[in-house]
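What follows is a single structure, written as structure tokens, with notes after it.
The values are calculated or read from the model by the stated rules, or taken from the named source; none is laboratory data. This is a predicted model, so every value here is computed, not measured. Cβ sites come from the backbone with ideal geometry, for glycine too, and all protein chains shown count toward neighbours. Just the protein is used for accessible areas: all its heavy atoms, side chains included, with ligands, DNA and RNA removed. Shrake-Rupley method; radii C 1.70, N 1.55, O 1.52, S 1.80 Å.
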Amino acid sequence: MAPRSDSQTLATGSAMSDTSVESSIDPIFHILRIIPFSFLRPPRLRLKLPSFTLPSPMTVFALILLTYFLVVSGFVYDVIVEPPGIGSTQDPITGSIRPVVFMSGRVNGQYIIEGLSSGFMFVLGGIGIIMLDLALDKNRAKSVKASYATAGISSIVIAYVMSMLFIRIKIPGYLH
């Protein structure tokens, strides 16, 4: 007798498992399988599969931009550590207490407003780069392209200058 191939063994094995369930000699199995369905009827449900539509590209962009803002502004840090919104320091000359937005000298700590303002500057620079990309579109009028280019360049310059100012406030003596 020739040896069986694997496909023949799998076919007979799956056929035997299907028939073994139906030809079971256990009477309780048959009772549990037949009796409840003799007087219980499953409801006739007219279920529809929910149809999902893809969100618009601007919705996806807005969600990604919001996520980027939350990540670079240190939102997770703010939730875990729960720092104050702004700090305060006493003026050594007058003795009055004045508010402080940046935690000077501590690179691994921040106030909430400090993180949000830094995150906004990063997002502003990114939007400036997007505007510069829109200024290169050949299908736009020259005035619109010039407006996009001007807004993009000014956004990038403002974001860069403010970020450097934030770094100088945060780390005294940096970039000298």
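Among the residues making up the range 158-170, those that are open to solvent by less than 60 Å² (accessible area, probe 1.4 Å), under 19 Å from residue 106 (Cβ atoms) and not aromatic (Phe, Trp, Tyr) are 163, 164, 167, 170. The C-beta contact set for the range 142-159 (first residue without any contact (Cβ under 8 Å) to a residue 60 or more places away in the chain, second residue of a type in the set (Phe, Trp, Tyr), distance under 8 angstrom, 6+ apart or interchain) comprises 159/122. Kindly indicate whether residue 71 is open to solvent by 90 Å² or more (accessible area, probe 1.4 Å), within 30 Å of residue 114 (Cα to Cα) and within 19 Å of the chain's Cα centre (by Cα). The answer is yes for residue 71.
The residue list 79, 100 contains one member that is surrounded by 14 or more Cβ atoms within 10 Å (Cβ to Cβ) and without any contact (Cβ under 8 Å) to a residue 24 or more places away in the chain, which is 100. Considering the range 103-130, and only residues there that are touching a Gly at 6+ places or on another chain (Cβ under 9 Å) and open to solvent by less than 50 Å² (accessible area, probe 1.4 Å), the residue that is farthest from residue 167 (Cα to Cα) turns out to be 128. There is at least one residue in the range 149-157 that is of a type in the set (A, V, I, L, M, F, W, C), under 30 Å from the mean Cα position of the chain (by Cα) and open to solvent by 60 Å² or more (accessible area, probe 1.4 Å). Taking each residue of the range 48-70 that is farther than 19 Å from residue 127 by Cα and looking for partners that are at pLDDT 95 or above with beta-carbon atoms closer than 9 Å, six or more apart or interchain, yields 54/60; 55/63.
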